[in-house]
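Note sheet for the following structure.
The values are calculated or read from the model by the stated rules, or taken from the named source; none is laboratory data. Here the structure is a predicted model, which is why all the values come from computation and not from measurement. Note that we place each Cβ from the backbone using ideal geometry, even for glycine, and neighbour counts take in every protein chain shown. The accessibility values were calculated without ligands, DNA or RNA, using every heavy atom of the protein model including side chains. Shrake-Rupley method; radii C 1.70, N 1.55, O 1.52, S 1.80 Å.
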Amino acid sequence: GCRVLSFGIESINPNSLKNIDKEWNRPERYQNAINALRKHGIEVSTEMVIGLDGDDPSIFQRTFNFILENKIPVPRVHIITPVPGTPLYENLKREGRILPTHFSDYTGGKVVFRPIHFQPEDLEKGYWKLYQKLFSWPAILRRVIPNRASLGPYMRAVVWITNFKYRRHIHHRISPGIL
């Protein structure tokens, strides 16, 4: 009965994956894995992060292209967020890269650390611009209409409604969550 799976593929950037000890994630295999699931009638939703130490400004367009090329109907992207108490937070704190901010800023849509290849405000602007492009009407249509999985009418409606809800969230600068 499984119809949709959400995958934390993290990044399409091998250098970024290496920096977070997830080099076992193989971006060159993502498309084959997505297609294999769809052949079995299962649609794919993705969870990705940007702003990792291996990322540079090209990550926005490359992520957009990946999502559209693979027709991911419900993509979620977050700015890497070093939550206090995690090893990532401790490493960035030790490096002096944690920005003074309120805990309410730890949403996945705000930059709370000093990235290596971005100014914090450029990472945040690029993030919201990426989301606006992903959830523009043309991009939604390109991602959702050619659905290759065998979703029934109920699940197709859930995908469409989720896109509409995320589009509204993005307009209000709320990082889309699970629903």
Rolling a 1.4 angstrom probe over the protein heavy atoms, how many square angstrom per residue are accessible across the stretch 104-179?
56 Å²
How large is ³J(HN,Hα), in whole Hz, for each residue of the stretch 111-122 in order, when computed from phi with the Karplus curve 6.51 cos²θ - 1.76 cosθ + 1.60 and θ = phi - 60°, using x for Gly and Pro?
8, 10, 8, 9, x, 6, 9, 9, 7, x, 5, 6
Considering every Cα-Cα pair within the stretch 1-87, what fraction, in whole percent, is farther apart than 18 Å?
44 percent
List the residues whose amide H sits under 5 Å from the amide H of Val74, counting only those 5 or more places along or on another chain, with H placed 1.01 Å from N in the peptide plane.
Thr46
Place the peptides 2-9, 105-112 in order of packing, highest mean first, counting for every residue the other Cβ atoms within 10 Å and averaging per peptide.
105-112, 2-9
Whole-Hz Karplus couplings 3J(HN,Hα) for the stretch 4-15, θ = phi - 60° and coefficients 6.51, -1.76, 1.60, Gly and Pro as x, run 9, 10, 9, 10, x, 7, 6, 7, 9, 9, x, 5
Please list, in chain and number order, the residues 5+ apart from Val4 or on another chain whose amide H is under 5 Å from its amide H, with Hs placed from the backbone.
Glu43
The stretch 96-179: relative contact order from alpha carbon pairs under 8 Å, six or more residues apart, as a whole percent, is 26 percent
My understanding is that a pair violates if its Cα-Cα distance is over 31 Å; which of Lys93/Lys165; Lys39/Lys165; Lys93/Lys133; Lys71/Lys110; Lys125/Lys165 do that in this structure?
Lys93/Lys165; Lys93/Lys133
When a/c reaches 1.5 or more, the comparison of a/b and b/c decides; with that in mind, is the stretch 106-150 rounded, prolate or oblate per its Cα gyration tensor?
prolate
Using unit Cβ charges (K, R positive; D, E negative) and no other charged atoms, how large, in debye to the nearest 20, is the dipole of the chain about its Cα centre?
800 debye
Could you order peptides 37-49, 17-29, 129-141, 70-82 by the average number of other Cβ atoms within 10 Å of their residues, highest first?
70-82, 37-49, 129-141, 17-29
Quick check: at a probe of 1.4 Å, how many percent of the accessible area of the chain sits on carbon and sulfur atoms?
57 percent
Between the stretch 124-157 and the stretch 89-123, the alpha-carbon center distance in angstrom
28 Å
Once amide H atoms are placed 1.01 Å from N in the peptide plane, what residues at a sequence separation of 5 or more from Arg114, or on another chain, have their amide H within under 5 Å of its amide H?
Ile98, Leu99
